[in-house]
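Worksheet: one structure, shown below.
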Amino acid sequence: MKKLTSQNMIEMRNLSKFYERKIALSSLSFSIKKGERVALIGPSGAGKTTLLNTFATLIKPDEGELTLAGIPASKLTNRKELAKKVGMIRQQFDLVGQLPVIHNVLAGRLADWGFFKSLWSLIIPQEKQAAREALEKVGLADKITEQTSKLSGGEQQRVALARLLLQKPEIILADEPVASLDPARAEDILFMLTKLTQEENQTLITSLHSVEYARKYFTRIIAIKNGKLFFDLPVHEVTDPILVELYSLEELELHES
Ligand SMILES: Nc1ncnc2c1ncn2[C@@H]1O[C@H](COP(=O)(O)OP(=O)(O)O)[C@@H](O)[C@H]1O
Ligand SMILES: [Mg+2]
């Protein structure tokens with residue numbers, strides 16, 4: 001029994017988050033096991049970003065319990081320790097545009113940018129080699145010294161992936177990582193993200209706009225609507241009617257607006 005529990009990378013019980021006029025997350029309970037690939041879907045405003053930011057400990061829940069890789073989220077206050085547990089990529093990439101690609105990748109090694117910049121000249125050659133290898137893995141070997149902001153959106157997202165390869169967190173969170181990319185680039189990033197995390201047996205939770213991508217690249221789909229769990233199913237059990245229901249406007253909303 002104990003062993004089973006330790007396999008849970010995310011465990012949450014009755015987790016809620018309230019804003020002044022809004023219940024963003026309403027008593028959510030579920031767990032996610034090591035190595036699972038979960039797509040988080042639901043209409044705009046459902047609470048996907050709030051939930052991912054809660055997993056990243058950027059948002060503190062108002063109620064309930066959250067355990068990340070066996071540690072209560074409230075105890076994960078050390079940034080370096082946290083970076084070993086959880087890494088995140090977003091729609092807007094979060095890279096430092098003026099710096100060369102390799103600097104952004106190496107930032108995966110350190111939790112703190114200020115510290116990192118002051119130490120740049122002291123970074124050991126092995127670390128730089130690891131960054132080069134990560135960039136090779138994502139197909140950017142020729143862009144190592146390029147200024148990051150000069151890269152295309154798809155390439156910048158690959159830099160973010162390379163940074164995660166160096167950080168090697170146990171849990172990877174991605175908030176709409178392909179929302180700003182065209183379909184071909186989006187598929188490319190999702191293919192890489194799911195392949196690389198599988199190779200490291202990492203746990204992946206990605207919010208997505210596209211149900212098609214969720215079905216193609218993930219093993220489990222968790223749907224939320226109005227901050228509540230709408231369904232939590234293995235991919236092959238997600239039917240078209242339930243998806244229509246998920247994205248349909250509620251009668252009440254229609255009358256109110
Ligand atoms: N900082 C905030 N202050 C007030 N309300 C917020 C804040 N962040 C999110 N919300 C509200 O919480 C709900 C969930 O938002 P969000 O998690 O961004 O949804 P999603 O990512 O699924 O589109 C929305 O109604 C949103 O307006
Ligand atoms: Mg969002």
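The values are calculated or read from the model by the stated rules, or taken from the named source; none is laboratory data. This structure is a prediction, so every number in the text was calculated from the model and none was measured. Glycine also receives a Cβ, built like all others from the backbone with ideal geometry; neighbour counts cover every protein chain displayed.
Taking the range 163-185 as the search range and keeping residues that are modelled with pLDDT under 95 and of a type in the set (Gly, Ala, Ser), which one is nearest to the chain's Cα centre (by Cα)? Among them, the one singled out is Ala179. For the range 24-42, a residue qualifies if it is within 16 Å of ligand 2 (Cβ to nearest atom) and more than 26 Å from Thr197 (Cα to Cα), and the qualifying residues are Ala24, Leu25.
Considered as a group, the residues in the range 43-68 that are in contact (Cβ under 8 Å) with a residue 60 or more places away in the chain and touching a helix residue (DSSP H, G or I) at 6+ places or on another chain (Cβ under 6 Å) include one that is nearest to ligand 2 (Cβ to nearest atom), and that residue is Pro43. Restricted to the range 1-112, the set of helices (runs of 4 or more DSSP H) holding at least 2 residues that are at pLDDT 95 or above, of a type outside the set (A, V, I, L, M) and touching a strand residue (DSSP E or B) at 6+ places or on another chain (Cβ under 7 Å) comprises 48-55.
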